[in-house]
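As structure tokens, the structure follows; a few thoughts come after it.
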Amino acid sequence: MLAFTVCGSFWLEFVLKTSVLRRWKRALLSILPISTLFLIWDAYAIAQGHWFFNRDRMLGIYGPFDIPLEEFLFFIIVPMAAILTIEGVTTVKPHLREKEFGKGDSK
């Protein structure tokens, strides 16, 4: 599913030249704080037995707190795809950005 998410949105960077990946530090500053909170939540839920990950369907690489690599990637790739999609839409329809930020304040 992560590969489909990448294929479904990362092409926008190159076709529409959204410059999201070029500004990777800015993107990570947007993504990492909330991703960290969700990973803490994951760690707690796993430790309490609220949910688990089927080890037969995982790559077998686990990070801190027994969280699989796929979960870490999920919290980076999915928000990045959302940012790319928003930037792609506002690249094609710049008037939407102007409505949100006002004229001249878009970047």
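The values are calculated or read from the model by the stated rules, or taken from the named source; none is laboratory data. Since we're looking at a predicted model, the values are computed, not measured. In this analysis, Cβ positions are derived from the backbone assuming ideal geometry, glycine residues included, and neighbour counts consider all displayed protein chains.
Report yes if A27 is within 30 Å of V92 (Cα to Cα), in contact (Cβ under 8 Å) with a residue 12 or more places away in the chain and either assigned to a loop (DSSP other than H, G, I, E, B) or of a type in the set (A, V, I, L, M, F, W, C) (or both), otherwise no. In short, yes.
Against the definition (touching a residue at least 60 places away in the same chain (Cβ under 8 Å), in contact with a Phe, Trp or Tyr (Cβ under 7 Å, 6 or more places away or on another chain) and not small (G, A, S)), how does L84 come out, yes or no? Talk me through it step by step, then tell me what you get.
Numbers: touching a residue at least 60 places away in the same chain (Cβ under 8 Å): yes; in contact with a Phe, Trp or Tyr (Cβ under 7 Å, 6 or more places away or on another chain): yes; not small (G, A, S): yes.
Criteria met by L84.
The test for being surrounded by 12 or more Cβ atoms within 10 Å (Cβ to Cβ), of a type in the set (D, E), free of Cβ contacts under 8 Å to residues at least 40 places away in the same chain and assigned to a helix (DSSP H, G or I) does not hold for E13. Restricting attention to segment 39-47, does a residue exist that is of a type in the set (D, E, K, R) and within 19 Å of G88 (Cβ to Cβ)? Checked segment 39-47: no residue is of a type in the set (D, E, K, R) and within 19 Å of G88 (Cβ to Cβ). P33 meets each of the listed conditions (1) surrounded by 13 or more Cβ atoms within 10 Å (Cβ to Cβ); (2) under 12 Å from the mean Cα position of the chain (by Cα) apart from (1).
Give the residue, chosen from T18, T5, that is under 23 Å from A81 (Cα atoms), of a type outside the set (D, E) and in a loop (DSSP other than H, G, I, E, B).
Numbers: T5 fails: in a loop (DSSP other than H, G, I, E, B).
From the options T18, T5, the qualifying one is T18.
Scanning segment 36-54 for residues that are surrounded by fewer than 10 Cβ atoms within 10 Å (Cβ to Cβ), under 21 Å from M1 (Cα atoms) and not aromatic (F, W, Y) turns up just one, N54.
Here the condition is being at pLDDT below 90 and among the small types (G, A, S); of S35, S19, it holds for S19 alone. Scanning segment 61-100 for residues that are within 14 Å of L32 (Cα to Cα), in contact with a helix residue (DSSP H, G or I) (Cβ under 6 Å, 6 or more places away or on another chain) and of a type in the set (F, W, Y) turns up just one, F75.
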